[in-house]
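Student: Sending over a structure as structure tokens; questions will come in a sec.
The values are calculated or read from the model by the stated rules, or taken from the named source; none is laboratory data. Note that the structure is a prediction, hence the values are computed from the model and not measured. We place every Cβ from the backbone using ideal geometry, glycine too, and count neighbours over all the protein chains shown.
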Amino acid sequence: MTDENETKGTMVTGVIGDDVHVVGIRILEHALREAGFKVVALGVQVSQEEFIDAATETNADAILVSSLSGHAQILAPGLREKCIEAGLNDIRLYLGGQLMIGKTAWEDVEKTFMDMGFNRVYPPGVLPPQIIKDLEADLASKK
Amino acid sequence: MTDENETKGTMVTGVIGDDVHVVGIRILEHALREAGFKVVALGVQVSQEEFIDAATETNADAILVSSLSGHAQILAPGLREKCIEAGLNDIRLYLGGQLMIGKTAWEDVEKTFMDMGFNRVYPPGVLPPQIIKDLEADLASKK
Amino acid sequence: MIDIRNKKIEEDVFFQEREQVLSEWPTGKEVDLDEAITFHKNLPPHKVWAKKMLDPRNRSETFAITGMGKTTLEQQIELLRYVQDEGQAELLATSVDSFTRVHKYDVVEKGLRESMETGQSRLNGLPVVHHGVNGIRKIIESVDLPVGTRYGAADPRLIDEISLAGGHTGCSGDGLYNFWNMNSKLPPETVLRNHQYVHRLIGYYEEHGVPITPACQGMYGGGIPSSLVMTALLTQMLMMAEQGVKHVMLHFTAQGNLAQDVGSARTLQKLSREYLDRFGHKDVVTILTTGLSLVGYPVELGSAFAAIAFNSIVAKLCGAQINDIRTVSEAMTIPTKEDIAITFRSAKVIVDFFKGQAIQVDPKNLEIESQMSEMETRMILDRVIELGDGDVAVGLIQAIQSGILDHPFATSPLVPCHVMGIKDKHGAVRYLNHGNLPFTKEILAFHKEKITEREKDLGKKMDYETVVNDLLAISRGVLV
Amino acid sequence: MIDIRNKKIEEDVFFQEREQVLSEWPTGKEVDLDEAITFHKNLPPHKVWAKKMLDPRNRSETFAITGMGKTTLEQQIELLRYVQDEGQAELLATSVDSFTRVHKYDVVEKGLRESMETGQSRLNGLPVVHHGVNGIRKIIESVDLPVGTRYGAADPRLIDEISLAGGHTGCSGDGLYNFWNMNSKLPPETVLRNHQYVHRLIGYYEEHGVPITPACQGMYGGGIPSSLVMTALLTQMLMMAEQGVKHVMLHFTAQGNLAQDVGSARTLQKLSREYLDRFGHKDVVTILTTGLSLVGYPVELGSAFAAIAFNSIVAKLCGAQINDIRTVSEAMTIPTKEDIAITFRSAKVIVDFFKGQAIQVDPKNLEIESQMSEMETRMILDRVIELGDGDVAVGLIQAIQSGILDHPFATSPLVPCHVMGIKDKHGAVRYLNHGNLPFTKEILAFHKEKITEREKDLGKKMDYETVVNDLLAISRGVLV
Ligand code: B12
Ligand code: B12
């Protein structure tokens, strides 16, 4: 693992709302740490406020929101706005898991959440290497 | 079984063309005999001419053509015309088995063969009792 | 701190607590226990979970079950009827949405309204509290099979009050499971105590001649060694029995190695009887349920059906009466009625093909796995009971905190999560890390040996990457 | 009348006959045996049926196979590639259309033309004769797996000349099967003689170092007792071996009762070795293939997948290296590429879940079925050989006509069809009528007893209606 000083960036992670699906985010957190990121893991049933407070406190580069229970459409709106209010202007918002209830074409799912202000939205089954590659690219372009 | 004199009608049966699927027609023949029909069983790989000759010779009420191999579209056209040529004017033509290659809506399959002059066309899985019921109704209405 | 003990809750304490529970949401008022008991007594036996399962004609059957929950009553009734008729189901379920599970009743209200407006299900299950007793009764009356609730909640008291009064005859109700998996805020004693209430409620129904069948759920996840699962199950079984529960489903999570799964299921049958009897619950009956662990499932349809067939064969081999199954759309979304029906048909047909056919797992391995799982389970369970001086609830609280009984992927931050399972080369789950579990050297050596075997094959030490690989194996159509 | 004997055809006789065979259709001219042998020798081992199957790494695998045939080369190449890539197939096939099988080359021409014009497949398989050697080579070169032909034809000589020269390394080729099932006009000696030609052709390839693997196909139908199937297989195996065939697939038709299927498969392995050795064919290798009998299949998708899983598990239990399977669309139509791919994936995943897991059928029943099937098969087979004074071909002709070896649903009017099988209450097939089969009283009593058992359950005598019921059972998702 990399020294904390040379971290590739600080990630706030958590599972939003009523959701308890913890396994995916744990795996992701582990992979992020192995890849040299600093991870601030909030666990499950995290509220929007908790995400934002943690990101502010740790000066995070990105918030990684996991949502498996199918309630993302109810739980995700407003997060971007609250970030801006809190002065987290250029924070990256990533969303992954199993986002919508009922069979919906992936393009529609993606659009729904991109429109809410997420920078990247992932379908079920995405593996950590892909996510890490995207994060590295996004954070590099930020600089 | 019924006495031959009181037969409900004479049926010529066979599997058309290149086709060797014999099991279905054997079952049907057995059921027809049990129900009191006279059955003239021609077996498999029967040509249109053989069907017509047998029907003429036995003064049959119906020809029951089985086709499982998927080639009915190639093998069935012309049978009605040949019947008329042979003077079998009001003979009933039934067709059953697995008629078309590739997934086709049943309505389209049925229409294709009804248009060729078959009186009834059956989807795969039809059981003898249904066929016997139809035959009885059709032959009664003929009288 | 709540004082928790494995003692039957006094009736007056129970009824006092009930008032507060029922006042949580307006529909609580609809619950009238005496009236509910009468309603249940008028249900025909084929609509009562325990009666159906204990009917001698069904004792060697394997019935499929899965979660099923839409948002509105109309949707739910349509769903259950379809599954009953087209899926040829033998048992039905009501999955409760997860906002109700966490008492976010205002959000539920919004989701319910939107679902009614759009005609689409916005919630991931049926909001039973909002529909209330009268709503639930409409469902129960629309179908001709037993219906059980499915939920996981740190506090399911109102859910069960309403859904049982509504006519459900099976339910969830495993406190330890819900502490570990469904909760990030509450300490174990609170969650267990909430569940004692539910068990006491069921006990009350049983006292009045109404059989209700809750489930000991154990641990559903991937890569969890069977002795951990079984210990968890047995503690909850004992806690349920103490409150007067008489019919218990024991849900064993299979991992796919048949010798280990069948051997463990055999152990579970043996130990459940033994411990029930030892604690004086000779009249409590158990019903074995099995299901493959909840891990990543295959998206590809052919593979998804293979998983269904495998799940069903495992149930059959384990001698389970209930085949708890994931549908063909498990990897993607909440199943439609068609998804469930086709899944049930597939499960039924494969089980029917095996009907009356004796197949068995290699007896030698079976014996080893059965013995190992028995030794391990006894070590943990007896230590838990010892910690509580004979009181399993007291012992449990200590065991959870100290990791004497641990969970690899708990949601509660109070759990050490030091234990970690991993598959050996044949797909049996072994302890990669046993944390603080009270095992002998011999047991640990056995696990070590099996792990080393796979490490040799892999040519590397097993690590987190291998754990992840195991969790995604089924989704790729392999066990290991 | 043709004089048929189980003697290797003299090379000059063979080459004389070849000229006539190859002149049947213009593409016959494309066949140059020496060039074909060179082509085959240049194929990499993973594209050669026998080499792939005999590779030690594959000896305990269970590979799926099914029929696959479109009309045009482009369609066929697209199909096979898709099945290879998306279906993760290990073996591929070319199903030959049934007009080609009966030499209706003019109708084929029309069907081929219409298929090219409409883009749809009008024929029920690939017209290999029309595509010729050069056409077939395009297919073989487009894929990276062994390809075998599948057909049933009373006279397959030209089909095999062209498809083998084209680079197929597996084929059909069972004379008895084709006499019984694919023919209504020709006497058995003609059909068997046609096939001896094919075997001799394969023998020629083998003599020149090119392994080709034909199949003894046996009897595919429902309700056919296993000793009948096995006797048929063994006679053809001996006839093939005599002509120089060195690699033989033995296709055993399973009926779904595991004890009977696995017990019989074991018998088949034993007797095939024994009879090959006895007749001096120590160097002939067999490869076991199993598939559920060809009866009515389920239309409903969940049930269809259950049949696929069951088919695969039976193969696995029988120790078959090839799992001959029907696709999800079997009950309806010729499978699309997607149907085949999804079927193969499903079969592979279920087999992979069982990988390395020893499951077995109840040893007691297995032993009984294995012994019974062995005794019965020996009785019929030895009688056939005896009838021919040691010549299995000569004996066969007499046995077929007299019903010493009989078929319940033959297409040839020359066959008595007196024998009739029926399922017992556990789905094992018994002789309802043994016709003229040379069985002892003890054997008949055993069958009678099993039949009476089911009759008791049914409360009536078994009759034709029960036979029909058995033939449609799988389509309803049950064995019996
Ligand atoms: C295990 C499981 C459970 C366990 C969870 C245990 C636990 N505490 O973790 C239990 C049994 C408790 C459970 C409960 C429920 N579940 Co659940 N569960 C699953 C299951 C089977 C596997 C999830 C899993 O662990 N996968 C393995 C991990 C490794 O993969 P993953 O979570 O997808 O994560 C990967 C990626 O998605 C990605 N990822 C994840 N998060 C993020 C975030 C970001 C930012 C990024 C970039 C990537 C990313 O990276 C991970 C690693 O590759 C899935 C179905 C399935 N097979 O996928 C259903 C599923 C997720 N559950 C579902 C439902 C509905 C529920 C329940 C409501 C019950 C019900 N009605 O059926 C409850 C809700 C509980 C709650 N309050 O949240 C549905 C969700 C449907 C939907 N979204 O439309 C699913 C899809 C099943 C189904 N088809 O119905 N569940
Ligand atoms: C057994 C079988 C065979 C056996 C036949 C043995 C024999 N001599 O009988 C063998 C292995 C030889 C065979 C060969 C072939 N077969 Co085949 N075969 C089947 C199978 C599995 C079962 C048929 C059967 O016996 N069903 C049981 C009986 C009781 O049902 P039935 O035949 O449908 O008959 C009932 C009804 O349909 C009805 N009925 C039948 N005929 C008639 C006629 C009338 C007038 C009426 C009213 C009713 C009626 O009554 C019967 C009783 O209920 C079917 C698939 C399936 N499972 O259905 C494929 C199937 C029919 N075969 C098929 C094909 C393509 C072939 C081959 C070309 C090989 C290939 N390329 O795959 C060859 C062709 C051989 C030839 N020259 O004809 C296809 C046909 C596809 C299509 N039509 O589009 C099928 C559907 C399989 C598939 N999905 O690909 N086959």
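Student: Output the residue which, of all residues in the stretch C:451-477 that are under 27 Å from C:Ile400 (Cβ atoms) and surrounded by 17 or more Cβ atoms within 10 Å (Cβ to Cβ), is modelled with the highest pLDDT. Working first, answer last.
Tutor: If we filter the stretch C:451-477 for residues that are under 27 Å from C:Ile400 (Cβ atoms), which is where we start, we get C:451, C:462-464, C:466-468, C:470-471.
Add one more test, that the residue is surrounded by 17 or more Cβ atoms within 10 Å (Cβ to Cβ), and what stays is C:451, C:462, C:466-468, C:470-471.
On the way: C:Ile451: 97, C:Met462: 89, C:Thr466: 92, C:Val467: 91, C:Val468: 90, C:Asp470: 94, C:Leu471: 94.
By that ranking, first place goes to C:Ile451.
Student: The conditions are (1) in contact with a Ser or Thr (Cβ under 6 Å, 6 or more places away or on another chain); (2) more than 19 Å from D:Glu376 (Cβ to Cβ); (3) among the hydrophobic types (A, V, I, L, M, F, W, C), and D:Met240 fails exactly one of them. Which is it?
Tutor: D:Met240 satisfies every listed condition except (1).
Student: Further, regarding this structure: Examine the stretch D:161-172 for a residue that is within 18 Å of D:Ile4 (Cα to Cα), under 19 Å from the mean Cα position of the chain (by Cα) and of a type in the set (Gly, Ala, Ser), and state whether such a residue exists.
Tutor: no
Student: Go through the stretch A:101-128 and report how many residues are outside any loop (DSSP other than H, G, I, E, B) and aromatic (Phe, Trp, Tyr).
Tutor: 2
Student: Going through the stretch C:131-180 one residue at a time, which ones are acidic (Asp, Glu) and more than 30 Å from C:Val384 (Cβ to Cβ)? Show your work before the answer.
Tutor: Taking the stretch C:131-180 and keeping what is acidic (Asp, Glu), we get C:141, C:144, C:155, C:160-161, C:174.
Within the stretch C:131-180, C:Glu141, C:Asp144 meet the criteria.
Student: Those residues that are more than 14 Å from ligand 1 (Cβ to nearest atom), among the aliphatic types (A, V, I, L, M) and under 15 Å from the mean Cα position of the chain (by Cα), I need them from the stretch A:55-108; list them, please.
Tutor: Correct list: A:Leu88 only.
Student: Hey, another quick one. Any residue at all in the stretch D:247-263 that's among the acidic types (Asp, Glu), within 14 Å of chain C (Cβ to nearest Cβ) and away from ligand 1 (no atom under 16 Å from the Cβ)? Spell out how you get there, then give the answer.
Tutor: Looking only at the stretch D:247-263, we keep the residues that are among the acidic types (Asp, Glu), and these are D:261.
Then drop every residue that is not within 14 Å of chain C (Cβ to nearest Cβ), which leaves D:261.
From what is left, the residues that are away from ligand 1 (no atom under 16 Å from the Cβ) are D:261.
Yes, the stretch D:247-263 contains a residue that is among the acidic types (Asp, Glu), within 14 Å of chain C (Cβ to nearest Cβ) and away from ligand 1 (no atom under 16 Å from the Cβ).
Student: Provide a single number: the residues in the stretch D:100-150 that are in a helix (DSSP H, G or I), touching a residue at least 40 places away in the same chain (Cβ under 8 Å) and not hydrophobic (A, V, I, L, M, F, W, C).
Tutor: 13
Student: Let me ask something additional. Those residues that are of a type in the set (A, V, I, L, M, F, W, C), over 15 Å from C:Pro187 (Cα atoms) and within 11 Å of ligand 1 (Cβ to nearest atom), I need them from the stretch C:399-413; list them, please.
Tutor: C:Phe409
Student: Of all helices (runs of 4 or more DSSP H) completely enclosed by the stretch D:311-415, which ones contain at least 3 residues that are over 21 Å from D:Tyr220 (Cα atoms) and within 14 Å of chain C (Cβ to nearest Cβ)?
Tutor: In the stretch D:311-415, the matching helices (runs of 4 or more DSSP H) lie at D:337-353, D:363-387.
Student: Test A:Lys111 against the criterion of being surrounded by fewer than 17 Cβ atoms within 10 Å (Cβ to Cβ), away from ligand 1 (no atom under 15 Å from the Cβ) and without any contact (Cβ under 8 Å) to a residue 12 or more places away in the chain, and give yes or no.
Tutor: Details: surrounded by fewer than 17 Cβ atoms within 10 Å (Cβ to Cβ): yes; away from ligand 1 (no atom under 15 Å from the Cβ): yes; without any contact (Cβ under 8 Å) to a residue 12 or more places away in the chain: yes.
Yes.
Student: Go through the stretch C:437-450 and give me each residue that's among the aliphatic types (A, V, I, L, M) and surrounded by fewer than 17 Cβ atoms within 10 Å (Cβ to Cβ).
Tutor: Correct list: C:Leu444, C:Ala445.
Quick grid of which residues meet (1) closer than 16 Å to B:Gly24 by Cβ; (2) without any contact (Cβ under 8 Å) to a residue 40 or more places away in the chain; (3) among the hydroxyl-bearing types (Ser, Thr, Tyr):
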| position | (1), (2), (3) |
| --- | --- |
| B:Asp61 | no, no, no |
| B:Cys83 | no, yes, no |
| B:Gly87 | no, yes, no |
| B:Arg92 | no, no, no |
| B:Thr104 | no, yes, yes |
| B:Gly117 | no, yes, no |
| B:Asp138 | no, no, no |
| B:Ser141 | no, yes, yes |
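Student: If I go through the stretch C:101-128 residue by residue, how many of them are near ligand 1 (Cβ under 10 Å from one of its atoms), in contact with a His (Cβ under 9 Å, 6 or more places away or on another chain) and over 30 Å from C:Thr62 (Cβ atoms)?
Tutor: 1
Student: Limited to the stretch D:296-306, what total is found for residues that are in a helix (DSSP H, G or I) and more than 7 Å from chain C (Cβ to nearest Cβ)?
Tutor: Narrowing the stretch D:296-306 to residues in a helix (DSSP H, G or I): D:301-306.
If we keep only those that are more than 7 Å from chain C (Cβ to nearest Cβ) too, we end up with D:304.
Of the residues in the stretch D:296-306, 1 are in a helix (DSSP H, G or I) and more than 7 Å from chain C (Cβ to nearest Cβ).
Student: Which of the residues belonging to the stretch A:85-108 are within 25 Å of A:Gly9 (Cα to Cα) and surrounded by 13 or more Cβ atoms within 10 Å (Cβ to Cβ)?
Tutor: At the first step, the residues of the stretch A:85-108 found to be within 25 Å of A:Gly9 (Cα to Cα) are A:85-97.
Of everything in the stretch A:85-108, those that are within 25 Å of A:Gly9 (Cα to Cα) and surrounded by 13 or more Cβ atoms within 10 Å (Cβ to Cβ) turn out to be A:Ala86, A:Leu88, A:Ile91, A:Arg92, A:Leu93, A:Tyr94, A:Leu95, A:Gly96, A:Gly97.
Student: Would you check if there is a residue in the stretch D:189-212 being more than 16 Å from ligand 2 (Cβ to nearest atom), away from chain C (no Cβ under 14 Å), in contact (Cβ under 8 Å) with a residue 60 or more places away in the chain and closer than 19 Å to D:Cys318 by Cβ?
Tutor: No, the stretch D:189-212 has no match at all.
Student: Just checking, how many residues over the stretch C:64-101 are of a type in the set (Gly, Ala, Ser) and either within 16 Å of ligand 2 (Cβ to nearest atom) or within 14 Å of chain A (Cβ to nearest Cβ) (or both)?
Tutor: Summing the residues that are of a type in the set (Gly, Ala, Ser) and either within 16 Å of ligand 2 (Cβ to nearest atom) or within 14 Å of chain A (Cβ to nearest Cβ) (or both) in the stretch C:64-101 gives 4.
Student: For the stretch C:451-480: of the residues being basic (Lys, Arg) and more than 28 Å from C:Ser303 (Cα to Cα), which is farthest from ligand 2 (Cβ to nearest atom)?
Tutor: Selected residue: C:Lys461.
Student: Continuing with this model, one more query. Out of all the residues in the stretch D:1-25, which are over 24 Å from D:Leu238 (Cβ atoms) and among the polar types (S, T, N, Q)?
Tutor: D:Gln16, D:Gln20, D:Ser23 - these are the residues of the stretch D:1-25 that are over 24 Å from D:Leu238 (Cβ atoms) and among the polar types (S, T, N, Q).
Student: Right, next: Restricting attention to the stretch B:129-143, and to residues there that are surrounded by fewer than 19 Cβ atoms within 10 Å (Cβ to Cβ) and within 14 Å of chain D (Cβ to nearest Cβ), which single residue is nearest to ligand 1 (Cβ to nearest atom)?
Tutor: Restricting to residues being surrounded by fewer than 19 Cβ atoms within 10 Å (Cβ to Cβ) and within 14 Å of chain D (Cβ to nearest Cβ), the top hit is B:Gln130.
Student: Okay, moving on. Is it the case that the stretch B:16-23 has a residue that's more than 16 Å from ligand 1 (Cβ to nearest atom) and more than 10 Å from chain D (Cβ to nearest Cβ)?
Tutor: We begin by selecting, within the stretch B:16-23, every residue more than 16 Å from ligand 1 (Cβ to nearest atom); these are B:16-23.
Checking the rest, the ones that are also more than 10 Å from chain D (Cβ to nearest Cβ) come to B:16.
Within the stretch B:16-23 (the criterion being more than 16 Å from ligand 1 (Cβ to nearest atom) and more than 10 Å from chain D (Cβ to nearest Cβ)), the answer is yes, since at least one residue qualifies.
Student: Check C:Gln20, C:Gln84 and return the single one that is assigned to a helix (DSSP H, G or I), more than 23 Å from the chain's Cα centre (by Cα) and at pLDDT 95 or above.
Tutor: Answer to the check: C:Gln20.
Student: Sticking with this one: Look at C:Val478 and say whether it is of a type outside the set (Ser, Thr, Tyr) and within 16 Å of ligand 1 (Cβ to nearest atom).
Tutor: yes
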